[in-house]
Amino acid sequence: MMKISYLVLGPFMTNTYIAWDEETKKAVIIDPSFGPEHIWQAVLKLGIVPEKILLTHAHVDHIAGLNFLREKYPDAKVYMNEKDRPLLTSASLNLSNMMAEPVLCNEPDVYVKDGDHITEGGMDFQVLETPGHTPGGISFYEEKEGIVFTGDALFQSSIGRTDFPGGSMTVLVNSIREKLFALPDDVHVLSGHGEPTAIGVEKRNNPFLTGV
């Protein structure tokens, strides 16, 4: 069974998720944000082993802890979509040019695309390409558990900003309609910011998406 813990980190109140298989204690970390020492301490307290780091996209508040965790867990593989590759090495594209120091990261170990599966322990995350907030935005759907990690694509009663470089409102709304709203209504949505919600709730109530 998959267990999930999360931390709200950094100036943008970003949700960093830690998901692990209860039997094997193998874990994945999703979107390591600022203050990665808090993630490290949480992992130690839980007694789990990070095997993979998954990035929904490469804005600074979702990659700020990546370099630290790569040092702590050199065997953990990093996964993301290749269309966000330019953001890793550009402070202006990943928005860290607004911070005291730029955040620049090396390439991931694995580039994933729509329909790929990332497995660890008893967990199986299907990759859904959900661009629009960034060109390479992706979500991770764990069908057995009925959970989707949407990054900054879909929030409770909101959607991701599209006024950053590479953003597109049309692309984002289409992504949500075609990929996320195709999931069952009872699937839990764990977003990059804010509180959990569900697909059906957002279909009915999200003011940006009602009727799409």
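The values are calculated or read from the model by the stated rules, or taken from the named source; none is laboratory data. Just so it is clear, the structure is predicted and the values come from calculations on it, not from any experiment. Please note: Cβ atoms are built from the backbone with ideal geometry, for glycine as well, and neighbour counts cover all protein chains shown.
Condition first: buried (at least 16 other Cβ atoms within 10 Å of the Cβ), over 17 Å from the mean Cα position of the chain (by Cα) and either in a loop (DSSP other than H, G, I, E, B) or charged (D, E, K, R) (or both). Now tell me which residues in the stretch 91-103 satisfy that.
The answer is Met99, Val103.
Residue by residue through the stretch 68-103, note down the ones that are at pLDDT 95 or above, of a type in the set (A, V, I, L, M) and more than 19 Å from Thr150 (Cα to Cα).
Within the stretch 68-103, Leu69, Ala76, Leu88, Ala91, Leu93, Leu95, Val103 qualify.
Restricting to the stretch 108-153, and then to whatever is charged (D, E, K, R) and outside any strand (DSSP E or B), can you tell me which residue is nearest to the chain's Cα centre (by Cα)?
Asp152
As an exercise: evaluate Leu172 against (1) in a helix (DSSP H, G or I); (2) more than 16 Å from the chain's Cα centre (by Cα) and give the number of the one condition it does not meet.
Single failed check for Leu172: (2).
Of the residues that sit in the stretch 25-52 and are within 24 Å of Phe12 (Cβ to Cβ) and of a type in the set (D, E, K, R), which one is farthest from the chain's Cα centre (by Cα)?
If we take residues in the stretch 25-52 being within 24 Å of Phe12 (Cβ to Cβ) and of a type in the set (D, E, K, R), then Glu37 is farthest from the chain's Cα centre (by Cα).
Restrict the check to the stretch 179-194 and report whether at least one residue is in contact with a strand residue (DSSP E or B) (Cβ under 7 Å, 6 or more places away or on another chain), over 25 Å from Tyr6 (Cα atoms), of a type outside the set (S, T, N, Q) and surrounded by fewer than 19 Cβ atoms within 10 Å (Cβ to Cβ).
Within the stretch 179-194, none of the residues are in contact with a strand residue (DSSP E or B) (Cβ under 7 Å, 6 or more places away or on another chain), over 25 Å from Tyr6 (Cα atoms), of a type outside the set (S, T, N, Q) and surrounded by fewer than 19 Cβ atoms within 10 Å (Cβ to Cβ).
May I ask you to say which residue of Thr16, Thr56 is touching a Pro at 6+ places or on another chain (Cβ under 6 Å) and crowded, with 18+ Cβ neighbours inside 10 Å?
Thr16
Of all residues in the stretch 188-212, which are within 11 Å of Leu154 (Cβ to Cβ), without any contact (Cβ under 8 Å) to a residue 60 or more places away in the chain, touching a Phe, Trp or Tyr at 6+ places or on another chain (Cβ under 9 Å) and assigned to a loop (DSSP other than H, G, I, E, B)?
Those that are within 11 Å of Leu154 (Cβ to Cβ), without any contact (Cβ under 8 Å) to a residue 60 or more places away in the chain, touching a Phe, Trp or Tyr at 6+ places or on another chain (Cβ under 9 Å) and assigned to a loop (DSSP other than H, G, I, E, B): Asn206, Leu209.
In the list Asp84, Asp109, which residue meets the criterion of being of a type outside the set (A, V, I, L, M) and more than 24 Å from Val171 (Cβ to Cβ)? Lay out the reasoning, then the answer.
Working: Asp84 fails: more than 24 Å from Val171 (Cβ to Cβ).
Among Asp84, Asp109, only Asp109 is of a type outside the set (A, V, I, L, M) and more than 24 Å from Val171 (Cβ to Cβ).
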